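The values are calculated or read from the model by the stated rules, or taken from the named source; none is laboratory data. Note that the structure is a prediction, hence the values are computed from the model and not measured. All Cβ positions, glycine included, derive from the backbone under ideal geometry; neighbour counts span all protein chains shown. For accessibility, only protein heavy atoms count, side chains too; no ligands or nucleic acids. Shrake-Rupley method; radii C 1.70, N 1.55, O 1.52, S 1.80 Å.
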Amino acid sequence: MLRPIKNNFKGKDVVSLDQFDSQSIIRLYKETASIKKMFEKGRFKNRPYKILDGRIAGLMFYEPSTRTFSSNSAAFKRLGGQTVEHQNPLVTSSAVKGETMEDTTMMMEQYCDILVIRHPVKGTLAKVAQVASIPVINAGDGIGEHPTQALLDMFTIYEKFGKLTGLKGLMAGDMLNGRTVHSLIRGLSIFPGNTVYLLSPKSLRLSRDEFKLYSQMGVKLVEINSLKQIPVDCHFWYWTRVQKERFSDKKVYEKLKLSFILTKKLVSEKAGKKTLLMHPLPRVGEIEIAVDGDPRAVYLTTEAKNGMYVRMALFKLILR
Amino acid sequence: MLRPIKNNFKGKDVVSLDQFDSQSIIRLYKETASIKKMFEKGRFKNRPYKILDGRIAGLMFYEPSTRTFSSNSAAFKRLGGQTVEHQNPLVTSSAVKGETMEDTTMMMEQYCDILVIRHPVKGTLAKVAQVASIPVINAGDGIGEHPTQALLDMFTIYEKFGKLTGLKGLMAGDMLNGRTVHSLIRGLSIFPGNTVYLLSPKSLRLSRDEFKLYSQMGVKLVEINSLKQIPVDCHFWYWTRVQKERFSDKKVYEKLKLSFILTKKLVSEKAGKKTLLMHPLPRVGEIEIAVDGDPRAVYLTTEAKNGMYVRMALFKLILR
Amino acid sequence: MLRPIKNNFKGKDVVSLDQFDSQSIIRLYKETASIKKMFEKGRFKNRPYKILDGRIAGLMFYEPSTRTFSSNSAAFKRLGGQTVEHQNPLVTSSAVKGETMEDTTMMMEQYCDILVIRHPVKGTLAKVAQVASIPVINAGDGIGEHPTQALLDMFTIYEKFGKLTGLKGLMAGDMLNGRTVHSLIRGLSIFPGNTVYLLSPKSLRLSRDEFKLYSQMGVKLVEINSLKQIPVDCHFWYWTRVQKERFSDKKVYEKLKLSFILTKKLVSEKAGKKTLLMHPLPRVGEIEIAVDGDPRAVYLTTEAKNGMYVRMALFKLILR
């Protein structure tokens, strides 16, 4: 059983959004905002922030990653800590000799103060957290969850609107395989009054089990299948990539990958003045480059940067 | 010729256990015990230990590694240093352009204060140490040696029994290809009165040359080939993995890999109350999971952790 | 358009030697000499140099590298900074999911203070510098340029002769594909009165366009095709490897790779007492091992070490 956070992060694992209640999330975001403010004001330019000096994070990435890997690495180092890193360790580490994740984890915890793990198999992080005696953070487990991505996305919304209740949002793309979508829906269901429109081709809808599960959690889900059905004045649009690596038949992928494209035209027709244009990235064609310059487009800027700050706040609350 | 340590580690290479005499090893272990005590008591939690601040270790790993790589990386960083790291550099570095190890080493020493190198070819480290003007540590050279692994294993025994003389031990698994076994036998032969039982299928016995060589060094070796022949009340059992990567014929590997399994039943029948259950890891089936919880089983805990502390002591004595 | 340095490095990109004028280069070399002197005197042994403490460099290497990667990593760390590293990221990062370099760069700049990028495609760095809002350093873009290599090579010459004017030099090997050659010629053309002899097989001569371009820049280029034509008393010989990775037909490569070899005999016949024997490394047979011990041979020692010091000076001037 995963331990709930309940406003006390110290020593806790972060495996699923289910561990959080609204109070914990707001606590995290106050810390994030405070760290962000201090750094953006340049307070640490000449006197670095060193609260994790001497501490070591183990970053174990068993799937390709630029963003999550780099932002975790930078976050830990911005707090004065150092990292022990394995990228793609299915090639470079003992995994090729046949070691189990449980053994690898128990060994890595002898050297490190915290572990950040990405793994291709859903559920791996829950198993690993069971055996680990130091905190473990899920950096994405297959089509399972990617909780810190959802936390940074929600922080980006919270920072803009000052609330996480009564929101109207759109999620578009691959609802079936997109773990960031799954985590974000779980996150928004923690707060009351949120409605999310889910735009995807029929074959990439949420699984019926997940649709039912999330609906019972308290978020209102509305499935749509054409751009015309997008409601006006959403608080956010959350576009996603069709997850190529989850398709065994690449022809099916090619047919579906650009079903819905976020264009400048669509923005001018359907977005509100304050609608945040978000994407967990990488994108592979589903957002027009022309949208990048729009002041509402935060995917390449604020959203990415917040990824570092939310992770800094998490590390601080868990380890201090 | 490798320079002997002779109780003075400063600036020395660590390529083979042959460089050590008993006094040097005890010196190293006093330092290790002292560092371990300070860290486990949390003395550096708020005021990090920074004796290698500003120093850089080059970690060059030409073969997969989780444990040795991570523990070296963590050890150097726990002392305040930083690292320049190449994992699997036969793919990612100039090695693909055809550079010799000697050239690579002479170049890396311009940037670093010490080098830690793993290489698939036996004898490479001795060659490299010849040309290097900074200290070089052997992190495993093919089926050659893996001296820091032996040093951490011996420290684990020393910490438990307060001595490295008059020991009775068992080593099981792949005696032919296991470089950790070779290094550990060399290490135990430095101290008087030690007897080691070697349990392996006949085709994985020590080479006759090595058997002769080690026997002359002062350790008593007794080869056995069934679990029944294991003597009672050993000070330690040192189980090992059959080294898949050393077999050209994978069928032979499959046939031999689980010849001898360390089971809970075997422990209850043959182990003594204080027998240390050790393994250099990774394991791939040759130790039952059920054994993990036994208080005598140190492979996933103390033995792994000592790997970091012994390397910290080595770095400290060599560089300070 | 790339911004010229004009003696003010702060916040600037370093993509091409074209950005430099003579004054900027001399400014850089005064800083380099000062840093080198302080480090070689051991001034920072006990009180590390920490001017980039808290800063993070992103090292993105999309092609194999030992030297450039390691010296950049070490340089940034010797100044107290930390790094976020991707080696061979065409395999390990979001590049496998199809992300553009522009997107990757815009994201990485959210986490880092400076980016050092190597990429197989010529011109990539100029494009990347356009979108990046933090400084970007070109660590080699295909057969394009490798400006910091030229800067370190020129520093090595400057340090020896106290000037970068009126020099007579020889470059040998692959003039067509060798980006370090291209950058060094550009660099020497910034100062008056330099003559460079270019020795290569005909098929590896400079492209006619580049020959014309460089000749107009102010350096005198003389193409030769036999060892006999090497003039005596050059200030430097700059030997290079034939760039295997740029050949689609490996037979052509095999035929050409050892066209001209730097031997002890050649040195005794044609080199002057002070002629610097240089090579950007790695070498794959085009310099005899016997030459290594010659006091004029700097490729494995001073030239490599200067690579770290020049990069330290660059980082300092750009970020402080």
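One table, with the values for the structure above:
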{"read-out": "List B:GLU245, C:GLU223, A:GLU145, ordered by accessible area with a 1.4 Å probe, largest first", "value": "B:GLU245, C:GLU223, A:GLU145"}
{"read-out": "GNM result for chain C, Cα springs below 10 Å: residue of C:ASP21, C:ASP174, C:ASP209 fluctuating most strongly", "value": "C:ASP209"}
{"read-out": "All-pairs alpha carbon distance profile, chain A, 20 Å steps from 0, percent", "value": "33, 59, 8"}
{"read-out": "Under 19 Å from the Cα of A:LYS45 - aspartates and glutamates, other chains or at least 8 residues apart", "value": "A:ASP53, C:ASP53, C:GLU109, C:ASP113"}
{"read-out": "Normalised convex hull volume, the stretch B:147-303, alpha-carbon set, Å³ per residue", "value": "104 Å³"}
{"read-out": "Listed residues C:ARG296, B:ARG179 arranged by accessible area, highest first, probe 1.4 Å", "value": "C:ARG296, B:ARG179"}
{"read-out": "Distances in nm from A:GLN229 to the matching label points in the other copies, shortest first (labels 7 Å along Cα to Cβ)", "value": "7.4, 7.4"}
{"read-out": "Gap separating the Cα centres of the stretch B:196-240 and the stretch C:209-268, nearest whole Å", "value": "59 Å"}
{"read-out": "Shielding by partners - mean other protein chain Cβ count within 10 Å, residues of A:78-87", "value": "6"}
{"read-out": "Percent RCO, i.e. relative contact order, over the stretch B:147-246, from Cα pairs under 8 Å lying at least 6 residues apart", "value": "36 percent"}
{"read-out": "Rounded to the nearest 10 Å², the accessible area of B:CYS112 at probe 1.4 Å", "value": "10 Å²"}
{"read-out": "Overall dimensions of the protein assembly as shown by Cα: Rg and Dmax, Å", "value": "29.7, 87"}
{"read-out": "Heavy-atom surface of the stretch C:215-320, accessible at 1.4 Å and reported per residue (Å²)", "value": "45 Å²"}
{"read-out": "Dipole of the protein assembly as shown [Lys/Arg +1, Asp/Glu -1 at C-beta], most positive-end residue of B:ALA297, C:LEU221, B:PHE44", "value": "B:PHE44"}
{"read-out": "Within a Gaussian network of chain B (alpha carbon springs, distance under 10 Å), most fluctuating of B:SER203, B:SER189, B:SER259", "value": "B:SER203"}
{"read-out": "Relative contact order for chain B, counting Cα pairs under 8 Å that sit 6 or more residues apart, in percent", "value": "19 percent"}
{"read-out": "Label 7 Å beyond Cα on the Cβ vector: A:ILE51 copy-to-copy distances, nm", "value": "3.0, 3.0"}
{"read-out": "For the stretch A:1-116: relative contact order, % (alpha-carbon pairs under 8 angstrom, 6 or more apart)", "value": "24 percent"}
{"read-out": "Computed helical MRE - 222 nm, the protein assembly as shown, DSSP H runs ≥ 4 contributing -39500 (n - 2.57), nearest 500", "value": "-11000 deg cm²/dmol"}
{"read-out": "Kirkwood hydrodynamic radius (C-alpha pairs) into Stokes-Einstein, the stretch A:214-320, 25 °C and 0.890 mPa s, D in µm²/s", "value": "153 µm²/s"}
{"read-out": "For C:ILE224, distant residues with modelled amide H under 5 Å away", "value": "C:LEU198, C:LEU199, C:SER200"}
{"read-out": "Long-range HN-HN contacts of B:ILE137 with modeled amide H, under 5 Å", "value": "B:VAL14, B:LEU115, B:VAL116, B:ILE117"}
{"read-out": "Whole-percent carbon and sulfur share, accessible surface of the stretch C:147-303, 1.4 Å", "value": "53 percent"}
{"read-out": "Unit charges on C-beta of K, R, D, E only; dipole of the stretch C:123-251, Debye", "value": "320 debye"}
{"read-out": "Residue (of A:ILE230, A:PRO201, A:THR105) at the positive-pole extreme of chain A, dipole from beta-carbon charges", "value": "A:ILE230"}
{"read-out": "Estimated FRET transfer efficiency when R0 is 51 angstrom, pair C:LYS264-A:GLU288 (beta carbons, to 0.05)", "value": "0.25"}
{"read-out": "Label zone at C:ASN46, where the point sits 7 Å out along the Cα-to-Cβ direction: the stretch B:28-53 residues whose backbone N lies under 19 Å", "value": "B:49-53"}
{"read-out": "Listed residues B:PRO295, B:PRO120, B:PRO192, most fluctuating in chain B (Gaussian network, C-alpha, under 10 Å)", "value": "B:PRO295"}
{"read-out": "Teacher prompt: A:GLY218 distances to equivalent labels in other copies, 7 Å Cα→Cβ, nm", "value": "7.0, 7.0"}
{"read-out": "Prolate/oblate/rounded label for the stretch B:1-120 (Cα gyration tensor, a/c 1.5)", "value": "oblate"}
